[in-house]
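K.L.:
There's a structure below that I have some questions on.
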Amino acid sequence: MWEAAAWAIFFLPLASFVLIGLLIRPFLNHRSELAGYLTIAAIGGAFALSLWALKATTGHSNEIGYASHEWLTVGNLDIRVGILMNSLTAIMLVVVTGVSLAVQVYSQAYMKGDAGYARYYAYMSLFTASMLGLVLASSILQMFVFWELVGLSSYLLIGFWYHRPSAARAAIKAFLVTRLGDLGFLIAILYLFFHQGVFSNAGLNSLDIRDIYVVAGAGLLGTTALTWLAIGFFAGAIGKSAQFPLHVWLPDAMEGPTPVSALIHAATMVAAGVFLVARMFPVFEASESAMNLVAITGGITAVFAATMAMTSNDIKRVVAYSTISQLGYMMLALGIGAYTAAVFHLFNHAFFKALLFLGAGSVNHVAGTFDMRFMGGLRKVQPWTYGMFVVAALSLAGIFPLAGFWSKDEILAEAFHNGDFVSRLVFLLAMAAVFMTAFYIFRALFMTFHGEFRGGVESKAEAAALPDSELVLTSDEEEKIAEGGHAHMAESPLVMVLPMGVLAVLSVVSGFVANAPFKLLTIPKHWISEFLVAPLGHPETPEFIGWVAILSIGLALAGVGLAWAIYAAGKIAPERLTYRPLYQLTMRKYYMDDLYERFIVGQVFYRYSAGLLDWFDRVFVDGVSDNIGWFGRNIGRGIATMQNGQVQAYGGVFTVGAVIILLVYLIK
Amino acid sequence: MVGLEHFLILSAVLFAIGLYGSLTRRNAIAVLMSIELLFNAVNVAVVGIARYTTPFGLTADNVDLLLTGQVFALFVVTVAAAEVALGLAIVITMYRTQGSVDVGEANIMRH
């Protein structure tokens with residue numbers, strides 16, 4: 001594959017962004033549908049090129065070497081840009097462009113009539129381009145640039161409806177929280193700058209990712225150095241991938257348009273964190289403590305987020321927590337060394353998660369709200385959406401033989417197979433999450449699609465208007481009411497259903513086709529696992545452990561059954577199973593938001609840090625300048641009094657001066 | 001025997017009195033008079049030094065050395081006369097404009 005073609009994968013969406021921003025929006029805004037077509041064409045082109053890249057990479061012993069280009073030189077450090085095209089890159093390219101393409105097609109209908117239609121597509125192009133740039137980057141600094149661009153474009157898209165205060169707040173929150181993690185990433189890069197000598201002695205470049213692999217593999221850096229390096233990278237990944245404790249931004253990110261959530265959750269923003277850890281996997285592998293940190297953080301996140309998903313009443317939030325939980329899965333897989341399983345799960349997850357979000361958006365077109373308490377019965381109204389949502393839910397729950405099953409099972413099997421303490425621990429956490437995942441996603445499914453329709457946004461507005469109601473309408477719902485929004489009971493248009501259909505097919509087959517346990521037509525056995533051998537190349541053979549698979553399916557089915565009994569059949573009242581304080585705890589998101597807002601922001605930042613700085617500013621900085629001013633003013637005043645216009649006084653001073661000079665002269 | 005030191009002491013005393021007077025007296029006439037004292041103190045010193053630094057016994061070779069100091073004193077007297085004339089003119093103008101010859105009030109340049 002020519003290098004220009006690889007670059008084009010990144011430059012096509014970027015060109016679309018530039019063209020929309022400079023031509024369509026200023027001059028052709030009355031024909032804004034052009035922006036949609038242009039974006040779809042650009043990303044479609046990038047998708048085709050990505051497939052070519054995948055094909056080319058398989059034929060090249062999993063990596064195509066491209067020379068890097070000089071960018072700039074700082075001191076004796078050479079900063080270069082280039083393309084690192086290996087199996088991980090190729091898989092990610094296909095996922096990002098594929099999901100993005102489906103989302104762009106779907107958005108045509110979802111965003112129809114929005115005043116910011118062209119702006120929306122400009123941002124979407126930028127978002128996709130940044131993610132593709134991040135995936136292609138061969139230098140860690142180049143990667144960081146795109147990493148930040150991904151953050152910027154997600155900020156722009158979450159705050160897309162900037163006139164809503166809640167959206168503006170959510171955008172700022174997402175940006176700031178992820179920046180906190182990015183600080184770790186930046187420190188890791190600076191750390192590499194610092195250890196540049198180790199690299200240049202070996203004739204390597206400290207910023208080149210392949211050279212970092214070499215150094216980590218050859219043990220040129222000490223374990224402690226590599227541990228800190230890995231922790232720095234992981235901090236960036238925690239922020240971007242919304243891992244505990246920096247997960248707080250992701251549920252709020254639901255303020256953006258729903259297709260944006262689909263893109264953020266499936267292929268771009270949050271996948272970037274997992275991708276970073278996978279990209280830097282040799283560094284992590286070289287340090288056991290870093291690996292354990294990754295595994296345990298992932299395991300905690302998987303369970304923690306799943307509990308919050310179980311109690312949330314907002315369908316988008318359920319799916320958002322589900323993303324956090326699934327990202328935790330990927331992290332824990334990376335942490336126990338199951339590199340291929342983690343990337344495989346990322347690959348499968350992208351399809352069914354995008355589908356879940358697109359389904360939620362489709363449902364919203366009927367109900368006008370995302371609140372599941374006011375939905376119900378939608379399977380008769382939207383049979384296609386219902387069917388595809390079921391597929392995605394089954395895939396997420398990990399039911400055989402859908403995509404989610406294969407990757408989830410690989411992770412569980414490896415965790416069990418490894419046998420050390422951390423692996424056992426995360427195995428238990430992952431098993432618990434399997435049950436909860438099945439429960440919450442089918443709870444959402446039953447509440448949304450089964451039973452009777454509970455009136456949508458209008459009923460919610462009525463219920464919220466009752467005097468002792470705790471319900472609060474979101475700004476989205478308020479706008480719907482203001483438009484006189486009635487539930488229009490119809491299936492979504494074909495442009496929305498079609499991309500969902502494609503994703504639904506992928507949600508069913510992607511796991512099996514990509515990693516079948518036997519040769520499938522032309523696809524070799526365990527294709528993705530063989531393809532994705534870790535960069536340092538030790539072959540992993542995913543063990544298929546029968547009882548682990550059966551247990552995980554059993555737990556998932558139990559979760560589905562419980563959800564059915566409570567929410568579809570009504571056999572068990574939810575209150576009977578609810579332990580009130582625990583319910584409160586999850587409803588309030590474990591008080592994490594309160595902790596951050598009240599304690600860290602309110603007390604630590606505003607009260608103490610800002611208070612201290614304020615005191616310092618008032619007493620010290622102001623004090624110094626005030627005193628300098630006082631000094632100058634009073635010296636001036638003193639000198640001014642001496643100049644009184646009395647010649648005799650001047651004469652006196654003159655005489656005294658002359659006498660002093662004379663005395664000095666005489667004494668010398 | 002009267003020596004150079006007596007001239008210089010006299011000169012210093014005169015100078016001190018003149019300086020004191022010119023710095024402390026409020027009356028412009030008195031200040032002018034004090035300044036005259038300063039001039040004369042200088043004249044005494046100049047003439048005295050001229051006399052005593054020249055070797056005794058005037059000859060055609062050294063007469064100009066002796067006369068240098070005395071001629072200098074004569075110049076000082078001339079300048080002092082001009083200075084007094086100018087000074088008195090200022091005093092009169094001052095009296096006309098301000099109705100007083102108190103130097104403490106002569107501070108309009110300051111404003």
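K.L.:
Run A:A42 past the list (1) small (G, A, S); (2) surrounded by fewer than 22 Cβ atoms within 10 Å (Cβ to Cβ); (3) in a helix (DSSP H, G or I) and report the number of the one that doesn't hold.
P.N.:
Checking A:A42 against (1) small (G, A, S); (2) surrounded by fewer than 22 Cβ atoms within 10 Å (Cβ to Cβ); (3) in a helix (DSSP H, G or I), the one that fails is (2).
K.L.:
For the stretch A:586-602, give me the residue count where each residue is at pLDDT 70 or above and open to solvent by less than 60 Å² (accessible area, probe 1.4 Å).
P.N.:
Number of matching residues: 7.
K.L.:
Scan the stretch B:13-35 residue by residue and report those that are more than 14 Å from every other protein chain (Cβ to nearest Cβ) and open to solvent by 50 Å² or more (accessible area, probe 1.4 Å).
P.N.:
Across the stretch B:13-35, the qualifying residues are B:V13, B:I29, B:M33.
K.L.:
Right, another one. Among the residues that make up the stretch A:112-128, is at least one of them under 30 Å from A:I212 (Cα atoms) and open to solvent by less than 10 Å² (accessible area, probe 1.4 Å)?
P.N.:
The answer is yes, given that some residue of the stretch A:112-128 is under 30 Å from A:I212 (Cα atoms) and open to solvent by less than 10 Å² (accessible area, probe 1.4 Å).
K.L.:
Out of curiosity, is A:I628 within 30 Å of B:I35 (Cα to Cα) and more than 14 Å from every other protein chain (Cβ to nearest Cβ)? Spell out the reasoning first.
P.N.:
Details: within 30 Å of B:I35 (Cα to Cα): no; more than 14 Å from every other protein chain (Cβ to nearest Cβ): yes.
No: the conditions fail for A:I628.
K.L.:
Among the residues of the stretch A:138-151, which ones are under 23 Å from A:H247 (Cβ atoms), touching a residue at least 24 places away in the same chain (Cβ under 8 Å) and open to solvent by 10 Å² or more (accessible area, probe 1.4 Å)?
P.N.:
Result: A:F144, A:E148.
K.L.:
Select from the stretch A:419-457 the residues that are among the aromatic types (F, W, Y) and within 28 Å of A:M291 (Cα to Cα) and list them in ascending order.
P.N.:
Answer for the stretch A:419-457, where residues must be among the aromatic types (F, W, Y) and within 28 Å of A:M291 (Cα to Cα): A:F421, A:F427, A:F435.
K.L.:
Among the residues of the stretch B:47-59, is any exposed (fewer than 14 other Cβ atoms within 10 Å of the Cβ) and assigned to a helix (DSSP H, G or I)?
P.N.:
Filtering the stretch B:47-59 down to residues exposed (fewer than 14 other Cβ atoms within 10 Å of the Cβ) leaves B:53, B:55-59.
Retained after the next criterion (residues that are assigned to a helix (DSSP H, G or I)): B:53.
Yes, the conditions are met somewhere in the stretch B:47-59.
K.L.:
Do you know which of the residues in the stretch A:635-668 that are open to solvent by 90 Å² or more (accessible area, probe 1.4 Å) and in a loop (DSSP other than H, G, I, E, B) is nearest to the other protein chains (Cβ to nearest Cβ)?
P.N.:
Restricting to residues being open to solvent by 90 Å² or more (accessible area, probe 1.4 Å) and in a loop (DSSP other than H, G, I, E, B), the top hit is A:Q643.
K.L.:
Determine whether the stretch A:521-542 contains at least one residue that is exposed (fewer than 14 other Cβ atoms within 10 Å of the Cβ), at pLDDT below 70, among the hydrophobic types (A, V, I, L, M, F, W, C) and in a loop (DSSP other than H, G, I, E, B).
P.N.:
Yes: one or more hits.
K.L.:
Being under 30 Å from A:L473 (Cβ atoms) and not polar (S, T, N, Q), is that true of even one residue in the stretch A:199-216?
P.N.:
Checked the stretch A:199-216: no residue is under 30 Å from A:L473 (Cβ atoms) and not polar (S, T, N, Q).
K.L.:
Just checking, does the stretch A:202-216 include any residue being in a helix (DSSP H, G or I) and open to solvent by 40 Å² or more (accessible area, probe 1.4 Å)?
P.N.:
Yes, the stretch A:202-216 contains a residue that is in a helix (DSSP H, G or I) and open to solvent by 40 Å² or more (accessible area, probe 1.4 Å).
K.L.:
I'd like to check which helices (runs of 4 or more DSSP H) are fully inside the stretch A:324-436 and have at least 1 residues that are in contact (Cβ under 8 Å) with a residue 60 or more places away in the chain, closer than 24 Å to A:I300 by Cα and open to solvent by 10 Å² or more (accessible area, probe 1.4 Å).
P.N.:
Numbers: elements: A:339-367, A:378-381, A:383-397, A:403-418.
The helices (runs of 4 or more DSSP H) meeting that bar are A:339-367, A:403-418.
The rows are residues; the columns are (1) farther than 25 Å from A:L555 by Cβ; (2) hydroxyl-bearing (S, T, Y); (3) modelled with pLDDT under 85.
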| residue | (1), (2), (3) |
| --- | --- |
| A:H345 | no, no, no |
| A:H365 | yes, no, yes |
| A:L396 | no, no, no |
| A:F400 | no, no, yes |
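K.L.:
I'm trying to understand the selection: among the residues of the stretch B:80-111, which are of a type outside the set (S, T, N, Q), free of Cβ contacts under 8 Å to residues at least 12 places away in the same chain, more than 14 Å from every other protein chain (Cβ to nearest Cβ) and assigned to a helix (DSSP H, G or I)?
P.N.:
B:A81, B:A82, B:A85, B:L86, B:A89, B:I92, B:Y95, B:R96
The values are calculated or read from the model by the stated rules, or taken from the named source; none is laboratory data. Since we're looking at a predicted model, the values are computed, not measured. Positions of Cβ are generated from backbone atoms using ideal geometry, with glycine treated the same way; all protein chains shown enter the neighbour counts. Ligands, DNA and RNA are excluded from the accessible area calculation, which covers all protein heavy atoms including side chains. Shrake-Rupley method; radii C 1.70, N 1.55, O 1.52, S 1.80 Å.
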